[in-house]
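What follows is a short report on a single structure.
The values are calculated or read from the model by the stated rules, or taken from the named source; none is laboratory data. Not measured: the values here are computed from a predicted model. All Cβ positions, glycine included, derive from the backbone under ideal geometry; neighbour counts span all protein chains shown.
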Amino acid sequence: MEWTQARRAAKMNPSVIREILKVTEKPGIISFAGGLPSPKTFPVAEFEAACAKILRDDPSGALQYAASEGFGPLREQVAAMLPWDVDPAQVLITTGSQQGLDLVAKVLIDADSKILVESPTYLGAVMAFTPMEPEVVSVGNDAEGIDLADLRDKAAGARFLYVLPNFQNPTGRTMSEARRAALSAEAARLGLPLIEDNPYGDLWFDSAPPAPLTARNPDGCIYLGSFSKVLAPGLRLGFVVAPKSVYPKLLQAKQAADLHTPGFNQRLIAEVMKDGFLDRHVPTIRALYKSQRDAMLDALAREMPVGEADATLTWNAPAGGMFLWARLPKGMSAVDLLPFAVEQGVAFVPGAPFYADHGDPRTLRLSFVTSSVEEIHRGVAALATGIKTYAATLPGHAAAEALAA
């Protein structure tokens, strides 16, 4: 029998990151590829105690079907922890923030409608949006954030702009206060809704990032958050905060998708979070990730030659989050580099798939949070060797001499 697939199915493609993660399963590979939180940050003892309490005190409620909106006490906790006035009735608990992206796509995107994304942007968002068959348009960025002139040129007719202002995946960059204020004002002037995705905002190293875009214009934004980076990704708990005008349709899409997020998991998160646990726990994550970021920056500075930007590897220094963004010398490709790196025992994610269009083949994303400091030093040394080996296959390339020095 031949099955006729929907047209949107042709738009569904495997995640490049997930495919690369298969490589990291080989023995001896140091992986800078995955966006996985460090297992050292999982509060196992607290989860164990919470599980016992929930099954002792309310087993029927925890194991029964539940409301699609989410567990009431957890929705109240989410509303209370956000830095603007949020009605718990505007909080929708989702099965990971990835589901939030899927719900936004189903409710706000028609075939051929235009949506705007950063350049580059989170690959999982593009994967969620693409099956709805939109025209995905990239808006330029600089070190401060969205290029407002480019946004004005491209905003006409757009359904929304999707942004990750804090420690963005994949680049690790953070939008400045001045640019946030300007973007919020410009989006309001243009009548352009914003989808603000903030899974990494609590993972700052030295100072907290500026206030969310949603805090400046709650009626013009949908806000997505996650518990994956501060508690545990395996529980698949996220949330959406939406204006009351769009919330009912997001709820209906949620009901059609899975009826509700697992009630036991919701109670588990609510129990662990009560009494201010996150205020005590998250600083330990920040300290760990900062030490790992510093180790990667130190290793890159030691292993990579200094020179002209087009002749050597360049990278940024993120102020939080999980990722560092690097760029290879002119004429080189991160995809072509990958097998040379894997041969040396290290893996990363090429940057081109994170662009909705016109991907930069020279870019790569390095995650620093799942490797120890010692592994980071060895992995960066292996990456440097892989780059030099690759450069040696490019006779006459300007980078070959610089990297061989």
Given the conditions (1) among the aromatic types (Phe, Trp, Tyr); (2) part of a helix (DSSP H, G or I); (3) within 30 Å of Ala105 (Cα to Cα), which single one is not true for Phe340? (3)
Does the stretch 175-201 hold any residues that are farther than 15 Å from Tyr162 by Cα and either hydroxyl-bearing (Ser, Thr, Tyr) or surrounded by 23 or more Cβ atoms within 10 Å (Cβ to Cβ) (or both), and which are they? Ser176, Tyr200, Gly201
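Considering each of Leu268, Leu300 in turn, give the residue that is over 22 Å from Phe42 (Cα atoms), part of a helix (DSSP H, G or I) and touching a residue at least 60 places away in the same chain (Cβ under 8 Å). Please lay out each step first, then the result.
On the way: Leu268 fails: over 22 Å from Phe42 (Cα atoms).
The match here is Leu300.
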Is at least one residue of the stretch 348-371 surrounded by fewer than 17 Cβ atoms within 10 Å (Cβ to Cβ) and not in a loop (DSSP other than H, G, I, E, B)? no
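Tell me, yes or no, whether the stretch 322-339 has at least one residue that is of a type in the set (Val, Ile, Thr), surrounded by fewer than 20 Cβ atoms within 10 Å (Cβ to Cβ) and outside the structural domain of Lys26 (by TED's automatic domain parsing).
Taking every residue of the stretch 322-339 in turn, none turns out to be of a type in the set (Val, Ile, Thr), surrounded by fewer than 20 Cβ atoms within 10 Å (Cβ to Cβ) and outside the structural domain of Lys26 (by TED's automatic domain parsing).
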Between a first residue in the stretch 356-382 that is free of Cβ contacts under 8 Å to residues at least 40 places away in the same chain and a second residue that is surrounded by fewer than 17 Cβ atoms within 10 Å (Cβ to Cβ), which pairs have beta carbons less than 6 Å apart while being 6 or more apart in sequence or on different chains? Pro361/Ser333
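Let me confirm something: among Phe277, Phe264, which residue is surrounded by fewer than 17 Cβ atoms within 10 Å (Cβ to Cβ), closer than 29 Å to Pro59 by Cα and modelled with pLDDT of 95 or more? Lay out the reasoning, then the answer.
Values: Phe264 fails: surrounded by fewer than 17 Cβ atoms within 10 Å (Cβ to Cβ).
When all the criteria are applied, what remains is Phe277.
To keep it simple, each residue is scored yes or no on (1) among the basic types (Lys, Arg); (2) buried (at least 20 other Cβ atoms within 10 Å of the Cβ); (3) part of a helix (DSSP H, G or I); (4) modelled with pLDDT of 95 or more.
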| site | (1), (2), (3), (4) |
| --- | --- |
| Glu76 | no, no, yes, yes |
| Val86 | no, yes, no, yes |
| Ala89 | no, no, yes, yes |
| Leu92 | no, yes, no, yes |
| Val104 | no, yes, yes, yes |
| Asp110 | no, no, no, yes |
| Phe129 | no, yes, yes, yes |
| Ser138 | no, no, no, yes |
| Ala149 | no, no, yes, yes |
Is at least one residue of the stretch 165-188 in a strand (DSSP E or B) and either in contact (Cβ under 8 Å) with a residue 12 or more places away in the chain or touching a Lys or Arg at 6+ places or on another chain (Cβ under 7 Å) (or both)? no
In this structure, is Ala270 closer than 19 Å to Glu48 by Cβ, small (Gly, Ala, Ser) and either buried (at least 20 other Cβ atoms within 10 Å of the Cβ) or in the same structural domain as Gly320 (by TED's automatic domain parsing) (or both)? yes
What are the pairs with Cβ atoms under 7 angstrom where one residue, in the stretch 71-83, is farther than 16 Å from Tyr223 by Cβ and the other, located anywhere, is surrounded by 15 or more Cβ atoms within 10 Å (Cβ to Cβ) and among the charged types (D, E, K, R)? Sequence gap at least six, or different chains. Phe71/Arg267
Do the conditions hold for Glu25, that is, is it at pLDDT below 75 and part of a helix (DSSP H, G or I)? no
Ala309: surrounded by fewer than 18 Cβ atoms within 10 Å (Cβ to Cβ) and either at pLDDT 95 or above or in contact with a Gly (Cβ under 7 Å, 6 or more places away or on another chain) (or both), yes or no? no
So which of Ile195, Ile222 ends up being under 15 Å from Trp84 (Cβ atoms), assigned to a strand (DSSP E or B) and either outside the structural domain of Leu74 (by TED's automatic domain parsing) or not charged (D, E, K, R) (or both)? Ile222
